[in-house]
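A short reminder: the numbers here are calculations on the coordinates, not readings from a lab. These figures come from a predicted structure and were not determined experimentally. Every residue, glycine as well, gets a Cβ built from its backbone with ideal geometry; the counts of neighbours run over all protein chains shown.
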Amino acid sequence: MALSLDSLYRPFNEFFSQQFPPSGGAPVIFRFAEFARTFTDSDFLNPLHPEQGPRPEIAHELLCTTVDCVPYLDPEGHTVSFLTGARLSDLYHDEIVDPAIPFVPTNVTDDAEKQARIDAFITAKADAIKLWKDSDFASLLEGSSVKIRAANAEPGKWWDKTDANVWKNKSFQVKGATTVPGQPAPPTNKLLRMKVSDNVLQSVIQAQVVSQAAPQLSPAVGRPTVMLSRPAMLMAQPVFTAALANNTTRLESIRTTPAVRREVMFDPSLTTIDMHNEVAPKIAVFPFRQRQELIELLATEAPRQPVVTNDVTISFDYCAVNITRSWLHRALIYNPSWCIPGQGKGKLSANDRHGLPVLPVGFVAFKNLSIQAPWTPEDITNLEQAEQFGPFNFDSKVVNGAITHTGIQIVGWILQTVPDLPPNAT
């Protein structure tokens, strides 16, 4: 087979799985990020005092919001994605800790043992509630009314590109089999995530605008698959409005082109990416949380293309980051003596885009990414219209045979499997 996501995944999985010890005694797995989380230098500045330079407290807040996410594992075993707008801390508190009650199996008949199980759960829940109450802080980036759930990273300076003690250099050569001419590439071979065409992007933007204006849509209208949060939509509204207006102007201009020219022209709304090229640079300067939402919205609708070359060398500096959350009480999660009224066993740990099938306990950050290859002319054409190669974000330009991205991006996650939540059915 040609270069595929699997051929990329194998060496990265083997290497990075060894960089992280078991978490809490449980084994961990490595997955690529479906959508890399890319940071800019300005993300780490205090917006009120940018002259102070990168601030540890801002980096800490970005870490906390980045890891407070509900994961979904792709069935093919290569990537993990995170639900837009959903917070792991909310799922944990509102749907696990708060409604949990003691449970004693019917085969436990000894009264002392019954009471011991109940008492152990009550103690674990009380401790979990206390940890939760003591774990939040006011956002520096979004105002004191927004509360952030605390998390910690080791190393703490994962965000500092200049700290030589944090970053290590690594490279992999990845090969695949020769591409069979004329044969369609399987989905996992389509490593390039392309920019979104004008007609698709217009539909995506219009769907978001309509949904935000009329939250109670009729079933006939339906809601977008990915729904932007209110803050992201408010920030994007002027950009979206301008892009829709400009695209209408472009199409009107084409419609008034003399007939003799129209006959030999293709429909630009099907193939051009003018709207994407207009919207993307404006989104790129948004604050991290809103920017990430919008990038993932566009990427979800993006088409994919394969690469023809079957030999790439991927070089990068990496930082392997361990994550702990002071508010998540493992003694409750792993206590077998509780249930939630009306919830089936394991319902809240299902891999169904709502539950918590795994717990993110680490991530892999890259900087100075370079992907070198003997690209074919077809590859070069596609690369310059793409934004993602496998799990890696890159700048859409081939220079000296390489695509690159110098900034920090989270390209992989370390995940710990969780027990059935709840552990018992009622």
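Points to keep in mind about this one:
- Proximity of backbone amide H atoms, modeled 1.01 Å from N, is registered between VAL28 and SER23 at under 5 Å, excluding neighbours fewer than 5 places apart on the same chain.
- The amide H of ILE408, built 1.01 Å from its N in the peptide plane, has PHE39 as neighbours under 5 Å, considering only residues 5 or more places off or on other chains.
- Calculated mean residue ellipticity at 222 nm for the chain: -9500 deg cm²/dmol, from DSSP H runs with n ≥ 4 weighted as -39500 (n - 2.57), summed, divided by the residue count and rounded to 500.
- Simple spin-label estimate for ASN107 and THR376 gives 6.0 nm between the two label positions (7 Å along the Cα-to-Cβ direction from each Cα).
- Measuring nothing but how far apart in sequence close Cα pairs (under 8 Å, 6+ apart) lie, relative to its length, the chain scores a relative contact order of 28 percent.
- Fraction in percent of alpha-carbon pairs per bin - 10 Å, the range 99-184: 11, 17, 17, 16, 18, 16, 4, 0
- Between 0 and 90 degrees, the angle of helix 56-67 with respect to the longest Cα principal axis of the chain falls at about 90 degrees.
- If you look at the Cα atoms of the range 259-412, you get an Rg and a Dmax of 21.8, 77 Å.
- Here the Kirkwood formula, the inverse mean of 1/r across different C-alpha pairs, assigns the range 4-66 a hydrodynamic radius of 14.7 Å.
- Taking the C-alpha atoms only, the angle from helix 111-133 to the longest principal axis of the chain is near 40 degrees.
- When the C-alpha to C-alpha distance is required to be over 27 Å, the pairs from LYS125/LYS157; LYS130/LYS347; LYS130/LYS161; LYS133/LYS367; LYS157/LYS347 that qualify are LYS125/LYS157; LYS130/LYS161; LYS133/LYS367; LYS157/LYS347.
- In percent, rounded to a whole number, the relative contact order of the range 105-156 is 19, using alpha-carbon pairs under 8 Å and six or more apart.
- In the range 1-119, the alpha-carbon atoms span a convex hull of 222 Å³ per residue.
- Our analysis of the chain gives Rg over Rh at 1.01, with the two radii drawn from alpha carbon positions and Rh computed by the Kirkwood formula.
- Residue-wise HN-Hα couplings along the range 332-338, as the Karplus relation 6.51 cos²θ - 1.76 cosθ + 1.60 with θ = phi - 60° gives them from phi, are 7, 4, 9, 6, x, 10, 8 Hz; Gly and Pro carry x.
- Panel note: the C-alpha atoms of the range 122-162, placed on their principal axes, show extents of 47, 27, 8 Å (largest first).
- Estimated Rh, the range 332-426: Kirkwood, alpha-carbon pairs, angstrom: 16.6 Å
- As an equivalent ellipsoid, the range 269-308 spans semi-axes of 21, 14, 9 angstrom, where each value is the square root of five times an eigenvalue of the C-alpha gyration tensor, largest first.
- Taken over the alpha carbons of the range 51-107 as equal point scatterers, the Debye sum produces base-10 log I(q)/I(0) values at 0.14, 0.22 Å⁻¹ of -0.65, -0.92.
- Contact order for the range 270-426, expressed relative to its length and based on alpha carbon pairs under 8 Å spaced 6+ residues apart, stands at 31 percent.
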